[in-house]
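The values are calculated or read from the model by the stated rules, or taken from the named source; none is laboratory data. These numbers come from a predicted model, not from an experiment. Glycine gets a Cβ as well: all are built from the backbone with ideal geometry, and neighbour counts include every protein chain shown. To get the accessible areas, we keep the full protein, side chains included, count just its heavy atoms, and leave off ligands, DNA and RNA. Shrake-Rupley method; radii C 1.70, N 1.55, O 1.52, S 1.80 Å.
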Amino acid sequence: MKHTLGRLLAGVLLAGAIAAPTAYAAEVTVNLRVEGAAGTLYEGQVTTDAIADLNGHPCNVADNGDLPGGIPQPTPTTAVHSWASAAAVVFDAPWNATYNEHFVSQIGPDVNGSVDPFPYWGVAVNNVPLEVGGCQRAIHSGDSVLWAYGVYGDALLTLSGPSAATAGQPVQFVVRNGINNVGVAGATVAGATTDANGIANVTFTTPGAVSLKAEKPGAIRSNAVTVNV
């Protein structure tokens, strides 16, 4: 009788283990930037989790093939989806069964083009463009996630400079290509143009807080730098 009871208890425990739900990684908070065709759609923090159902399919690395059998993780696509959902921004990422992936086709007003070379939504994590889909790269708290509307090979501009300046006194800002950290010539910052080393000298005339970005045709605009003049 004791042996029979032991076997029954073991069977119940085994069944419970098999039926246990999949463990998911914890939410993460990342720095998300969404650069549209005409301007920045968002730049700030967003918290996201490992989405198990996006348009009827998962988007969390493990369930999308990159880490089969691993713990589902938040991804660049879950980050932008979480922001778009909370902000009521138009977002579309149809499922592609061939690649086992959601391909982001629209964020806000910008839709992937159809004429080559066509603009499309690309993604980079910590200034490194992804070589896998946006649902197949795990992200972690503190990462920088960039979704940008452009074409393949565009430079990812980064801007650095002082947080304070004195009206009438020139200050230097540096524009680099985030992919290789090389200075970018010909970019504009507050009306000034960068030299061969990516340096722009800017003189503010009016006191107050100013938010600056670097831009250049054929490149993805930079992060914002706020300067108190």
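May I ask you to give the percent of accessible area on the chain that is carbon plus sulfur, with a probe radius of 1.4 Å? Don't jump to the answer; show the numbers that get you there.
Numbers: 6760 of 12000 Å².
Solvent-exposed carbon and sulfur of the chain make up 56 percent of the total.
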Amide H contacts under 5 Å for Ile51, restricted to residues at least 5 apart in sequence or on another chain and with H modeled in the peptide plane, are Cys59, Thr75
C-alpha long axis of helix 2-19 to longest principal axis of the chain, angle in ° | 30 degrees
Out of residues 5 or more away from Leu212 or on other chains, whose amide H comes under 5 Å of its own, with H placed 1.01 Å from N in the peptide plane?
-> Val225, Thr226, Val227
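In debye, nearest 20, what is the charge dipole magnitude of the chain about its Cα centre with +1 on Lys and Arg Cβ and -1 on Asp and Glu Cβ, if you could check? Intermediate results must be reported in sequence, preceding the final value.
Values: 8 positive and 16 negative charges, 98 e Å.
The calculation lands at about 460 debye.
For Thr193 and Ala26, FRET efficiency with R0 = 30 Å and r from the beta-carbon atoms, rounded to 0.05? Present the calculation step by step, with values, prior to reporting the outcome.
On the way: r = 45 Å, r/R0 = 1.50.
The calculated FRET efficiency here is 0.10.
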Which residues qualify? For Ala187, with a placed amide H closer than 5 Å and at least 5 residues away or on another chain, they are Thr194
Of the residues Ala88, Ala148, Ala187, which exhibits the maximal mean-square fluctuation in a Gaussian network model of the chain defined by a 10 Å Cα contact cut-off?
-> Ala88
Which Cα, out of Val171, Ala155, Val125, lies furthest along the positive dipole direction of region 96-181 (beta carbon charges, K/R +1, D/E -1)?
-> Val171
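How many Å² of accessible area per residue for the chain, probe 1.4 Å?
Values: 12000 Å² over 229 residues.
Result: 52 Å² of accessible area for each residue.
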Ordered by residue, what ³J(HN,Hα) values in Hz, to whole numbers, does region 216-225 give under the Karplus form 6.51 cos²θ - 1.76 cosθ + 1.60, where θ = phi - 60° and Gly and Pro are x?
-> 7, x, x, 9, 8, 4, 7, 5, 8, 10
